[in-house]
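Structure first, then comments.
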Amino acid sequence: MNVLIIGSGGREHCLAWKISHSRMAGHIYAAPGNAGMSDVAECIDIGINEFEALADFAVGHEVGLTVVGPEAPLVGGIADYFRKRGLDVFGPGKEGAQLEGSKVFTRNLAQKYGVPAAEGKVFSAEEYNEARQYIKSSKTYPLVLKADGLAFGKGVIIASGREQALDCLDDFFVGQKFGPAGNQIIVENFLTGYEVSLLCFYDGNNIVPLDLAQDYKRIKDNNQGKNTGGMGSYSPVPKVNQELMEKIMDSIIEPTCRGLQQEGIDYRGILYAGLMISEGRPYLLEYNCRFGDPETQAVLPRMEDDLLPWLLDCSQAKLKDTPIQWSDESCVCVVLASAGYPETSSKGDIIKGLEKLAETSNIMVFHAGTAFHQNHLVTDGGRVLGVVGKAASFEQARQNIYAAIKNIDFRGKQFRKDIALNVGR
């Protein structure tokens, strides 16, 4: 079966790598792909939002399954378009993708179907004065302000005090920092605890959870600095035991899926829950409608099953109610970012040293923001590479990764040194 992967990041490189090991896989295409994916996929010059051109390509090249990586085309309705053309596609339609495309939609769905989340309130730009009064009257800080729409992982701001919260409100409604994505916002209480990410296959009937991961959103060590799209991740998450996992499924995932069914929403793809575990209880922070990045890079290397049949069955609403088989090994992903990230990103800086890792069996490098320019591999985005290691322990995986990172060099290279630090098995 020929496969088309839509996207150009580390997540898509990891998906292509995993699918390339499938007994079912024929030719793998990536649109548009990146400079590092050529070892597992043929990159084609079609943008992620060119629905007609992508579908024409899938028809013309006998693609049996299209896997959509990024959220933007899903929110834009690419899965609906492909299905109308009679093409199998992994990813929810436009209605289901609202779970990520609109935090207000998700909050309303959670409230309607009893999914636990932080207390808060929704405000539109026309309710600016009411939002200011709400913030001023709050006796609990920090407060969390969330843009309703897509903001590339940067639309959530944690305000430590009243003045910062009011300034953030102005950023949303007056300065239009996030454009139309910030025309509605949620102001909610800050939950304390620890975050985990749970990705599930969901085909409208059956739910099959993947193994848990934990990611790191802040740019600097010890969770300091600005939010990013993700600076690293690890899997599994040892502190989540079977009892807690059952609570997550019973109180969050299953009520959400029942809600989608009752709302008449056809959802076939990844249901990705960002969760806060507070005093032993899970709360929903957000939903995403696709594989996480960089969680995918820490989860899929541990998956012992063939991924492609799972993707195909999910796309056809034929998921089997059986568990996925996982390696007992620990997996860690550390992201290398370009100079200026997350405010800006430096492009065109030459990347050196990857050839030194070519024969390193315990390290994988997934490309995110890379390109070829004048026969050189160069940076081409904020997050440049994901360095991934799998080992018997998190400590050994970390040692392998950080030793490998010393061999990689480009101007302004940024990375966190505390990914999976002090995580036991």
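Structural remarks
- Strands (runs of 3 or more DSSP E) wholly inside the range 112-161 containing at least 3 residues that are under 11 Å from Asn189 (Cα atoms) and of a type outside the set (D, E, K, R): 143-147
- Cβ-Cβ under 9 Å pairs, at least 6 apart or on other chains, the range 272-285 side under 24 Å from Gly91 (Cα atoms), far side open to solvent by 20 Å² or more (accessible area, probe 1.4 Å) and part of a loop (DSSP other than H, G, I, E, B): Tyr272/Arg290; Leu284/Pro116; Leu285/Leu191
- The criterion of being closer than 30 Å to Glu279 by Cα, open to solvent by less than 70 Å² (accessible area, probe 1.4 Å) and modelled with pLDDT of 95 or more does not hold for Phe51.
- Whichever residue in the range 320-375 is part of a helix (DSSP H, G or I) and open to solvent by 100 Å² or more (accessible area, probe 1.4 Å) and, among such residues, is modelled with the highest pLDDT: Glu355
Okay, residues lined up against (1) under 20 Å from Val40 (Cα atoms); (2) touching a residue at least 40 places away in the same chain (Cβ under 8 Å); (3) not β-branched (Val, Ile, Thr):
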site: Gly348; (1), (2), (3): no, no, yes
site: Lys352; (1), (2), (3): no, yes, yes
site: Leu357; (1), (2), (3): yes, yes, yes
site: Ala371; (1), (2), (3): yes, yes, yes
site: Asn422; (1), (2), (3): no, no, yes
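- Total residues in the range 228-256, condition surrounded by fewer than 20 Cβ atoms within 10 Å (Cβ to Cβ), within 21 Å of the chain's Cα centre (by Cα) and farther than 17 Å from Tyr194 by Cβ: 2
- Meets criteria (crowded, with 20+ Cβ neighbours inside 10 Å, among the aromatic types (Phe, Trp, Tyr) and out of contact with any His (no Cβ under 7 Å at 6 or more places or on another chain)) for Phe394: yes
- Output for the range 397-413, where each listed residue is touching a residue at least 60 places away in the same chain (Cβ under 8 Å) and open to solvent by 80 Å² or more (accessible area, probe 1.4 Å): Arg411
- Restricting Glu100, Glu195, Glu188 to those that are open to solvent by less than 60 Å² (accessible area, probe 1.4 Å), within 30 Å of Ser235 (Cβ to Cβ) and outside any helix (DSSP H, G or I) reduces the list to Glu188.
The values are calculated or read from the model by the stated rules, or taken from the named source; none is laboratory data. The structure presented is a predicted model; accordingly, all values stated were derived computationally and were not measured. Glycine gets a Cβ as well: all are built from the backbone with ideal geometry, and neighbour counts include every protein chain shown. Accessible surface areas use protein heavy atoms only, side chains included; no ligands, DNA or RNA. Shrake-Rupley method; radii C 1.70, N 1.55, O 1.52, S 1.80 Å.
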